[in-house]
Structures are given as C-alpha cells and as structure tokens.
Amino acid sequence: MDEQTEAEPHLFFKVSTALKRVIGRDLITDDLVAVFELVKNGFDAKAQRVELVFEDDRLLIIDDGKGMSLDDIERKWLFVAYSAKRDGTEDDGYRDRIGASRTYAGSKGVGRFSCDRLGRLLKMQTRRSSEMVEVLDVDWQDFERDALEEFKDVGVAHSEATHFELPKGVDAPKSGTVLEISGLREPWTRDKLLRLRTALAKLINPFGQTNDRFEVIIRAEAEEKQDAIERRNWAGEGTALSVVNGPVANFIFDTLKDKTTHLEVWLSEDGKELHSVLTDRGAVIYEIQEPSEFPLLVGSSFRCNLYYLNRSAKATFARRMGMPSTQFGSVFLFKNGFRIFPIGEMGVDTFRIDRRKAQGYNRFLGTRDIIGRIDVSGSDEVFRESTSRDQGLIETPAYQQMDICFDTKCFRRLERYVVGVNWQDQLDLDVDDISRLQGDTAAARITAIVSQLAGTEGVKLVRYNHDLVRILNERSAAFKETLTSLEILARKANDPELLADIGAASKRFDELQRAEASAREAADRERDARREAERIAAEAQFRAEVSTSRLEEERKRNLFLTSLSSLDRETVEILHHQIVIHAAAINEIINGQFDRLRDGGVPTADDLFSVLENISFQNRKVLSIARFATKANFRLESETIDADIAGYIEDYICEVAPMFSEAGIRIIVSSSATKLERRFKPIEVAILVDNLVSNASRAEATEIKFTLAQPNPRELLVSVEDDGRGFPAELDLSRVYEKGFTTSTGSGLGLYHVAQILDGMRGAITAERRDRGAHFTIRIKG
C-alpha cells in the first residue's frame, strides 16, 4: 500500500477563464477606481507623465515610463497575479531616471485587469527605449466563452511596430506604455469626467509635498468648448475642478495654510521622536517634540497634515476649487505616495470622527470641519491594501498604531486648540488673520493650551509664539490663572527672563488689587459716615418724595434724561460713590509708587508704563462718571448690567457725548438697530465712545459719525468714520491698538483701551483706510 501511494502522481489546480471576470469586472466595480489602478501602474513604471485621452468610444492611457520588452510581457504582464514589485525584480537592469527611492503604489499583480472593467477590447503598445514597439490585442470576451476552458488556453494576439500609433496631436513617448481601451462599457459624460478629475486630484498628492515629478493630464476634445465657457465664467478662479481638459493639479492647500489652523505631525527618520507644529493663519503657535509610542511605525515615514476649515477657509476653497470642501473629502490616507480609496471620501468615517462628534454639540470637530492627509510608506506586510481596492487598508498591527497616533497626537490636539480657542470667539470664525487672537481673552486660552502641553511628561517645547503666549494686562479676568500657566511654561522652557517678568507682573497685580480694595474701603467708610449724619435730618423729607406716582415714572423713564434737575438723591449718591472709588484707586496706585521709591526701588520702563496705563484707565472712568452725573440718570447700582447695548450706545452718543466732545467736532449718530440684550459695563462702553471721539479730534476732524446696524439678531455692527487726517500710508493698521502706540501727541492708550474693552465683551474693532479720514468697524455679539 505504501509503495502504491508513493507511485501516485501529484494533482494540480486548473485555472478557469472565469477567473478573468473575478479579478476584473467583478472585483473592480467602479470606473474611477479602474482608472486609478492604471494610473498607479504608470507611476510604478517610473513615468513622469500619464495622459488620459477620451474619444467617442475609446480611452487611451499613455505613460512615458520604462515600458516593457517582449520578455517582460511574457514573464510578468501575462503572468496572472504575479507582481515583480512585490518580489523586488521590477527594477532589474533599469536605471531610474527620477529617484532610486521611489516606492510603489501597487503590488497585487492584478491591476492590469482594470482594463476589463473599462472596455471589452484592449490594444497595448509598449516599448523600452530604442526597441521595437510590442503590441498586444486582447478581447476580454474571449475569456467568457466557456468557464470550463483553461485560462492558459486563450491566446492573446501579438505583433510588433516601429512606432506608437496615437491620436493626432498626442506626442509619442520615447519609452512607455499605451493602453487603448475600446468598446467602452459605460459612457464618459462630462459629469463623470469631472468626477474623475476630482478623484485624480485627490489620488495624486493634492497637498504638494512629493519630491517625485509626476503629472496626469486629461484630454477630451468634445469638452473643450464647455471648458472655455467655464473658464470665462470663473474668471481664473474655481476652474481647478470645473474644467475637464488640462493637467490635474491642486494649489489650494498652500493657500489654506495662511488662512486657517494647520497642524503638521511627523515621525523622525529614526522613528524615535514625533515632531508637531501648530500654526494659525500663518503664525506658529507652538512646536514640540516627544518620544514616539509607536514602534511599528518605525521606517514608515509617518506624516500627518490637518487643516481646520473656518468659514473664511471654506469660502476660499469653494472659490478656488469650484466645489464645496465637504464634497472634496476630509482626511485622506496615502501609502507610498498614492491614495488609498475610499478613505477620506464624503460619508466615509474611517477614523470615527463623526461618530465622536455626535456625542456632544459644539464640543468636537467633524469631518465637515477638517481636511487633511496621512502619509505612510512600507511594504504590503506592514500596510496591506484590501484586494477589493475600495475597502482601504487591512487592520494590521502597524495600521492600528497609525490609527492611534492620528487620533491622539494629531486630530485631538488640533481639536483642542480649535474648540478651546477659535470656537470660543464667534467673530474669529470669519477672519483670515490673527487679529482676534491678539486680545487678552484669546491669549489666555492659547497660553493655557500651550502650558498644559508643555507640562506633559516627555514633551519638549521647541518654540512658541511669544506675542500670543504672554503676560496679560493686570485688569484682565484671566490674569492670575494665566500667570500660573506661564510659570509652568517658563520653568519647562528654562526661561529665566520670562520668570522674572512673571514675578514683576505678579507684584504689579498685587499692588493694583490692594489699591482697589483700599479705595473701596475708603469710599464705603465715607459713604457710611455721610449717610448716618444725614439720615435723621433727611428721613421725613426723603420719604415724602418717594410717592407711588414717582415710582411709576421711574420705571418708564429712558436710560438718559435731558434735565439735570431730574437726578434724584439716590442716583447722585451712587455716582458720587463711584467717583470716590476710582479717584481713591488712583491715589492708592500713586502712593504705592511713592512707597516703592522711598524703599529704594527703581521702576523699570515696563513697570512705569503699566502704572501710568492703570492710572489713565481709572481716570477715564472718573471722567465718564462725571459726564453721567451732569447729564445722565443711568442706574449705576452695579458695575455690570443686563440691558439693550444698542439702545445704550445710541442714547449715550445722542445725549451725553456731544456735551463733552472736543471743541469744534460734530457728532452724528444713525441707527437701524432694533435691540441687543446682553451683559456689559456701561462706564466702559462710555469710555469706548469717548476715546473714539477724542482720537478724531486729535486728527483734526470736524465731524465723526456713528452708524449702528444689526446684520442679525445676535450681532451689533457700529461703523465709525471721521473726516480727519486718517492713517499714514506707511502705517501698519494692526499696530494702532498696541499699548503706547500713537501717531499724534496723545498717550497711545485710547485705541488700546477700546480694543481691550471690546475683547472683554467678545467684540472686535478693525481699522480701514479711506480716501479721507479714519474708519473703524466695531462688532459686538449678543
């Protein structure tokens, strides 16, 4: 029995011609994916250029790669599922013209059967340099006659030619391959060609970071007339994806870097460290490096670029690309320089971004909010593409680590900044510069994020933005908290100069707090003593004045009254108390400096400027209260009130400001605003108006106009324009809000205080040049 077993011959598999359909049309169910595969084959053949030519019933895919000899065709192209790229023999005997390090986009050995998906007939012309053109003619239907027929028994016609046979106007490459597919299975309409162009734009490095020179060009003569119309309609913009003909290219991402928030994360060459740089509209926020926690990514050249799309960036994208960003896609995955389909497509949530966003409103980013790219390189053993070609990558251990790295080191860090900084300021969503980040409120948020990151174990802070991560004004609500964050950062960065500045700022803050507390105590004592002395003598008369009719009149009156005699005793007392508080605060600040000088302390220029700025602000409050006391009867029982800010500003400008404006300047107010209820400090809003009027007067204006409008129920727009000297041509307008900056003989604090007040109100001010005078736009959210 044993002898008989040994004598029996081996059995062998036979391959049915039906395999062609299994790995062709049945496997590749989308024409765009089929074109992807054939373009990728051109890339792998070292082509610098692939041209797609569409005619009535045929499609030509022409590359200028290394081409194939007859031996290559027999040993490789006709060998089903064999991949010379996978076994490392693809480059034998070929000197790479582009770069020896170029990796391969595919390695499954079945991409050639994409031709079957596209059309019934294939004519392949190919040659190596200085050799004859080898020609194959394939009728894919020959493989479908009988499923019992073996694959190897179906012949493929072969011939030779001296030159490539190409359509008129198409240049023949010196070497390369031409795939002429006819008997197309589906028509290529304009809409389908545009979808192909969009898909190819995402397939071939849309972020412009490859070192390989690789170009894809589409030619469709039948669409040239409509393309010309599109170019005229878009006037040079938005044509990237709205015309069919021409090179497939993307220029949008370099543009986006300066218009929105961008995070780039990459693995060092040795794979031991992760580097991260966060920029916001062109300004570097921070750069860090940390040990990599992902050993399986060593050698993968992992790199991730993520962009947050604010409203400005989305508008730019649509204008330049001719389509909304949501239709373009979200986070794409590229392996060896080519896109893995369908990751990043609209509605494909590979990285669970939208699933997480659904867990809370306004807490998480979604795929509609971001666009980006992950790059990895490596063999199929490390990052294995699904054979079905439209299922992304198989979840190998390396893929799982890449997924975690993207989620924890890339996406969530961008999300924390965007949600914690950009989303906290509704006005910031519409601007494409960092003007909204320069106020104390945004600086406090940025400082908290950077300091927390710097305090993370193992994280090294390489650099950070000193203009945005900074010491705030002592009056800022977040001053104390920010000092603590800055101290952590300074110690981590080993920055003794910053530590010294923090100490000085802390001392100034304590002095200011003591001065304000002392001032309030003094004012309270003075008020209590006066009240007690007057109580007995005035009690009867005071009660008689508070009648029912007067109480009703008080409820109905406007914020401002036109007669000084209508001020009641209580209002005068409140105004007097407020003046005492701020005057006493000024006195305490000055006395504090006297004490410091007596003790031998010499203030620095920064210390002195800070002290004078605080005195100036307290003095402006006194002036504003004095104006109220003379003209207004506004309820000042509380420093902060809930009221209609639109009505308050209009009333103040109409009734109070003109009485105290500089001599010779006319104040005009026009309002179409209805009502915007919100919390605000009336004295600070008064200072805002007064400072703008004062600035106009110093610029020799004879007239200043305030125009109030409401673009929506939750926003107030105040346009301020004067007929003064305006801004010098050489002046950087972003500097006019800097503390101490002035173009006149003033202190340089007026517009600084205006910007500071608005920042605390979630508002904004922007300056514009006009032919005559200065123009400001103020936006306040409800």
Open item on the list: It is to be established whether one or more residues within region 387-399 are assigned by TED's automatic domain parsing to the domain that holds Val277, closer than 19 Å to Phe332 by Cβ, surrounded by fewer than 19 Cβ atoms within 10 Å (Cβ to Cβ) and basic (Lys, Arg).
Closed with: no
TODO: Could you please find all residues in region 138-158 being surrounded by 12 or more Cβ atoms within 10 Å (Cβ to Cβ) and closer than 23 Å to Asp72 by Cβ?
DONE: Val138, Asp139, Trp140, Asp142, Phe143, Phe151, Val154, Val156, His158
Task: Test: residue in region 229-244 that is modelled with pLDDT of 80 or more, assigned to a strand (DSSP E or B) and touching a strand residue (DSSP E or B) at 6+ places or on another chain (Cβ under 8 Å) - done: no
TODO: State whether one or more residues within region 302-309 are in contact (Cβ under 8 Å) with a residue 24 or more places away in the chain and more than 17 Å from the chain's Cα centre (by Cα).
DONE: yes
Task: Any pair with Cβ under 8 angstrom, 6 or more apart, that starts in region 357-374 at a residue that is under 14 Å from Thr260 (Cα atoms) and ends at one that is polar (S, T, N, Q) - done: Ile370/Ser330; Ile371/Ser325; Ile371/Ser330; Gly372/Asn305; Gly372/Ser330
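Could you list all residues from region 662-691 that are of a type in the set (A, V, I, L, M), under 37 Å from the mean Cα position of the chain (by Cα) and either in a loop (DSSP other than H, G, I, E, B) or closer than 15 Å to His775 by Cβ (or both)?
Ala673, Leu676
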- [ ] Given the conditions (1) surrounded by fewer than 23 Cβ atoms within 10 Å (Cβ to Cβ); (2) modelled with pLDDT of 80 or more, report the number of the one that Ala249 does not fulfil.
- [x] (2)
TODO: Using the structure shown, decide if Ile625 is modelled with pLDDT under 75, of a type in the set (Val, Ile, Thr) and crowded, with 19+ Cβ neighbours inside 10 Å.
DONE: yes
Task: Subset of region 47-67 (residues that are closer than 21 Å to Asp116 by Cβ and not charged (D, E, K, R)) - done: Val50, Leu52, Val53, Phe54, Leu59, Leu60, Ile61, Ile62
Open item on the list: Quick check on this structure: which one of Asp407, Asp440 is closer than 24 Å to Asp354 by Cβ and within 22 Å of the chain's Cα centre (by Cα)?
Closed with: Asp407
Task: Ser300 being touching a strand residue (DSSP E or B) at 6+ places or on another chain (Cβ under 6 Å) and assigned to a loop (DSSP other than H, G, I, E, B) - done: yes
TODO: Would you list the strands (runs of 3 or more DSSP E) that sit entirely within region 692-782 and hold 3 or more residues that are modelled with pLDDT of 90 or more, surrounded by fewer than 21 Cβ atoms within 10 Å (Cβ to Cβ) and touching a Pro at 6+ places or on another chain (Cβ under 7 Å)?
DONE: none
TODO: For residues that are over 17 Å from Leu200 (Cα atoms) and either touching a His at 6+ places or on another chain (Cβ under 9 Å) or buried (at least 22 other Cβ atoms within 10 Å of the Cβ) (or both), tally how many sit in region 298-337.
DONE: 10
Task: Residue, farthest from the chain's Cα centre (by Cα), within region 343-386, restricted to residues that are part of a loop (DSSP other than H, G, I, E, B) and among the basic types (Lys, Arg) - done: Arg384
Open item on the list: Given the options Ala478, Ala443, Ala454, name the one that is in contact with a Leu (Cβ under 7 Å, 6 or more places away or on another chain), at pLDDT 80 or above and within 15 Å of Asp759 (Cβ to Cβ).
Closed with: Ala443
TODO: For region 170-199, name all the residues that are acidic (Asp, Glu) and closer than 21 Å to Gly67 by Cα.
DONE: Asp171, Glu180
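Does region 266-285 include one or more residues that are surrounded by fewer than 18 Cβ atoms within 10 Å (Cβ to Cβ) and in a helix (DSSP H, G or I)?
No: region 266-285 contains no residue that is surrounded by fewer than 18 Cβ atoms within 10 Å (Cβ to Cβ) and in a helix (DSSP H, G or I).
The values are calculated or read from the model by the stated rules, or taken from the named source; none is laboratory data. These numbers come from a predicted model, not from an experiment. Cβ: placed from backbone, ideal geometry, glycine included. Neighbour counts: every protein chain shown.
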